[in-house]
Amino acid sequence: MINKVIKIAVSIALPLCFMGCASSNDTKKENEVIEKRVETLLRKMTLEEKLGQMNQITSYANIEDLSNLIKKGEVGSILNETDPVRINALQRVAMEESRLGIPIIMARDVIHGFKTIFPIPLGQAASFNPDLVEEGARIAAIEASSVGIRWTFAPMIDIGRDPRWGRIAEGFGEDTYLTTVMGVASIKGYQGDSLNSPTSIAACAKHFVGYGAAEGGRDYNSTSIPERLLRNVFLPPFEAAAKAGSATFMTSFNDNDGVPSTGNAFILKDVLRKEWKYEGFVVSDWASVSEMIAHGFASDETEAALKAINAGVDMEMVSGTFFREAPQLIKTGQIKEETIDNAVRYILRIKFMLGLFDNPYVDEKAPSTFYAPSHLVAAKQAAIESVILLKNEKNTLPISADVKTVAVVGPMANAAYEQMGTWVFDGEKEQTQTPLKAIRELAGNNIQVIYAPGLTHSRDNNAATIAQAANAATKADVIVAFVGEESILSGEAHCLANLDLQGGQSQLISALSKTGKPMVTVVMAGRPLTIEREIEQSDAVLYSFHPGTMGGAALADLLWGKAVPSGKTPMTFPKAVGQIPVYYSHNNTGRPAQRSEVLLNEIPIEAGQTSLGCTSFYLDAGFDPLYPFGYGLSYTTFQYGNVKLSAKELKETDTLVAEFDLANTGKYTGTEIAQLYVQDKSASVTRPVKELKRFMRIELKPGEKKTVCFELPISELTFWNIDMKQVVEPGDFNLWIATDSQSGTPVTFKVID
Ligand code: NOJ
């Protein structure tokens, strides 16, 4: 056995580095130059030109009309223009024909790739690999900037605990720490080492804030997040994004406790500007300024503009009320000119930092960066690492070399468009590798592939073709069934009240399982689905959140053991919709379930009511979700042991070192994602039963054992206490190092004064 000690510290304590991360004298000087240029320009600007900078419009076909607006200085940013020739033409008008020659910042939703599509962010989160997220964002920036896009509306770092919400696909899941780490990695990837590089694009931390807690998982809905929960759970990823230098923030659509984010001075001014000292600019979401009228928070556009500007929104996306309404509001003194000046300062600063004044144009003739071989390799690796092995009985996976005939079934087996997932404005299905294509390539002449889709798309319900597919599958040694969701069933505004497989897919799985053949189910979806029954009917299950361009190649490698699954669930998988919200980091309650309670079918008829020993659980769904957060198997097995802490009593200034052994006890080289959870056992307010504080990917060969340690500064155990202060409270803590959020035995330590 090999026995090594490796020390890994993954810290999220980030330096304040907004104005460029290198704190060299050169950077300081550059920043001073930028500040001077901003002030000089600002002094020359008319009110209309200032309000023009605060105005973002969407691109449209008539280039003359667009040019006229730009010429008059009425446009600060354009979104959704992707033709480099038009981008340059519009930029030329801004630079050469507008009075002050202020460049336009071109924006686009580049969410998980521009042309080369990576797995949806929820899938990337399943990799627990921030390097991979950073690389994906870097590649997206290289491809997008090559057409002149210099601003993306990503990452979405909303905590999402409700898979009914379609946008769960676009975020990094339910956990604050995982989302924080992935959000920072993604910002680094988009923005590169310096915003000034022509391949860097400005990131946008969105949606500020609370959007993921929409009531009932219905998009755009109200949220009710009290300040302590906001600060403990929803704000930390945004604070880290601000500190990592995210060039922009976007306000969210929701109203929290009665206040729409776009008009919320508490979050935009008190928290973002005063507490976090943020110096980038804040953009509204699409028409979220004028939508404050529908919210019932403003009676008309004038009041909407007034509330948004005074709350701290710097740029308005598409609804144009700032430009139209602010002049009269300034005249009447309801908005101070100083407020407008500050907003414009923030915007101009980012334009200078992006180098747009000095290098406004994109090289239209540069060789294409799209789908570069290295991009495809990275996208494939990301897809491999984002797949979660949920079940593997009878060693069904990897598929044995003895298998000579495989049946490839299901509507997602050859759905090039659908497997790219939500937000793929620019991805092309023609470039996408489907599982069917990849399996055929891998099979060559050695394995016979029977392709019988059974259903044409995920909502198809054709009993006759299901029967045909099941019949065809009887001729195979192994069945691989690809089911899931079409891409349009998740993403913005695509929420679902029912999370079962759509259409006839359940019937398809049932029919296939009745063949008695070994069956692997591969789910490609934008969210966790309620698939308990289908899992029972399958011998092995791989869960692949929409995996993108290279998804098919990644899945084929995993199915045949050329790669070994390592992904872990980035959010809890519910058994039934009625369990939602269900997440690992809940509070204990005064009556936690004991697991000895009587369930629905065990209750005697005419049983009498008693409150003695009653606890918190569902009679029909029991105590647990389908899969807990952090869950995922491998083709090999891992054993944890010997968790040792560097000290039993620590002060706030100390760093805890938690050491443990991890052994690969199986037959394959594999990567385990070890997770460290902490519980503050008693505090001035109730605290979650567990909180993820660290994770680490560890690769081990068969028989290999490593002694590994996590470092955790005690200062990272802060929370917002009864006095709404961010503190570490002395007292007892539990700590687990385990394979998922539901496993392991705790060790204890104490924080002392
Ligand atoms: C609305 C979405 O909520 C936001 O995330 C997106 O960036 C904008 N539309 C722009 O497309």
Scanning the range 344-369 residue by residue, those farther than 25 Å from Ala247 by Cα and in contact (Cβ under 8 Å) with a residue 24 or more places away in the chain turn out to be Glu364, Ala366, Ser368
Thr248 meets each of (1) free of Cβ contacts under 8 Å to residues at least 60 places away in the same chain; (2) within 16 Å of the ligand (Cβ to nearest atom) with one exception, condition (1)
Considering the range 623-643, residues that are touching a residue at least 40 places away in the same chain (Cβ under 8 Å) and part of a strand (DSSP E or B), and then whichever is most open to solvent (accessible area, probe 1.4 Å), we arrive at Asn642
Going by the conditions given, is Ala443 within 14 Å of Leu559 (Cβ to Cβ) and at pLDDT 95 or above?
yes
Looking across the range 254-266 at residues that are crowded, with 24+ Cβ neighbours inside 10 Å and of a type outside the set (Gly, Ala, Ser), the single one that is farthest from the ligand (Cβ to nearest atom) is Asn264
When (1) within 16 Å of the ligand (Cβ to nearest atom); (2) surrounded by fewer than 24 Cβ atoms within 10 Å (Cβ to Cβ) are applied to Lys188, the one that fails is (1)
Listed by first then second residue, the pairs whose first member lies in the range 210-235 and is more than 19 Å from Gly183 (Cα to Cα), whose partner is aliphatic (A, V, I, L, M) and within 16 Å of the ligand (Cβ to nearest atom), with beta carbons under 6 Å and at least 6 positions apart or on separate chains, are Asp219/Ala493; Asn221/Ala214; Thr223/Ala213; Ile225/Ala213
Residue hits (the range 130-178; over 15 Å from Gly189 (Cα atoms), open to solvent by 10 Å² or more (accessible area, probe 1.4 Å) and part of a helix (DSSP H, G or I)) are Thr176, Tyr177
Filtering the range 491-512 down to residues that are open to solvent by 10 Å² or more (accessible area, probe 1.4 Å), away from the ligand (no atom under 16 Å from the Cβ) and either within 27 Å of the chain's Cα centre (by Cα) or at pLDDT below 95 (or both) yields Leu496, Ala497, Asn498, Asp500, Leu501, Gln502
**OP:** Tell me, please, whether a residue that is touching an Asp or Glu at 6+ places or on another chain (Cβ under 9 Å) and hydroxyl-bearing (Ser, Thr, Tyr) can be found in the range 378-395.
**Re:** no
Q.
Kindly evaluate Ser284 against the criterion of being within 21 Å of the chain's Cα centre (by Cα) and within 16 Å of the ligand (Cβ to nearest atom).
A. yes
From the option list Ile104, Ile87, Ile34, single residue qualifying as at pLDDT 95 or above and buried (at least 24 other Cβ atoms within 10 Å of the Cβ) is Ile104
Residue pairs qualifying under the 8 Å Cβ cut-off, at least six apart or on distinct chains, with the first in the range 591-609 being under 10 Å from Leu619 (Cα atoms) and the second being among the charged types (D, E, K, R), are Leu599/Asp620; Leu600/Asp620
Taking the range 217-241 and keeping only residues that are closer than 18 Å to Asp285 by Cα and of a type in the set (Gly, Ala, Ser), one is left with Ser222, Ala241
Going through the range 292-321 in order, the residues found to be touching a residue at least 40 places away in the same chain (Cβ under 8 Å) and open to solvent by 30 Å² or more (accessible area, probe 1.4 Å) are His295, Phe297, Lys307, Asn310, Val318
Taking the range 196-214 and keeping only residues that are of a type in the set (A, V, I, L, M, F, W, C), part of a strand (DSSP E or B) and within 12 Å of the ligand (Cβ to nearest atom), one is left with Cys204, Ala205, Phe208
Going through (1) within 23 Å of the chain's Cα centre (by Cα); (2) without any contact (Cβ under 8 Å) to a residue 40 or more places away in the chain; (3) within 14 Å of the ligand (Cβ to nearest atom) one by one, Glu239 fails only at (3)
For the range 220-233, the count of residues that are open to solvent by 10 Å² or more (accessible area, probe 1.4 Å) and within 16 Å of the ligand (Cβ to nearest atom) equals 3
Of the residues in the range 341-387, those that are of a type in the set (Ser, Thr, Tyr) and either surrounded by fewer than 21 Cβ atoms within 10 Å (Cβ to Cβ) or under 27 Å from Gly427 (Cβ atoms) (or both) come to Tyr361, Ser368, Thr369, Tyr371, Ser374, Ser386
Practice task
Please work out if Leu51 is open to solvent by 20 Å² or more (accessible area, probe 1.4 Å) and within 19 Å of Met317 (Cβ to Cβ).
Solution key: no
Checked against (1) in contact (Cβ under 8 Å) with a residue 12 or more places away in the chain; (2) surrounded by fewer than 24 Cβ atoms within 10 Å (Cβ to Cβ); (3) closer than 28 Å to Glu691 by Cβ, Val181 satisfies every condition except (2)
>> One residue is enough: does the range 322-335 have a residue meeting the conditions farther than 29 Å from Asn221 by Cα, open to solvent by 50 Å² or more (accessible area, probe 1.4 Å) and part of a helix (DSSP H, G or I)?
In response: yes
If we ask which residues in the range 463-482 are in a loop (DSSP other than H, G, I, E, B) and either in contact with an Asp or Glu (Cβ under 9 Å, 6 or more places away or on another chain) or touching a residue at least 60 places away in the same chain (Cβ under 8 Å) (or both), their number turns out to be 3
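The values are calculated or read from the model by the stated rules, or taken from the named source; none is laboratory data. Quick caveat, the model's predicted, so the values are computed rather than measured. Here the Cβ is made from the backbone with ideal geometry for all residues, glycine too, and neighbour counts use every protein chain on show. These accessible areas exclude ligands, DNA and RNA; they are computed on the full protein's heavy atoms, side chains included. Shrake-Rupley method; radii C 1.70, N 1.55, O 1.52, S 1.80 Å.
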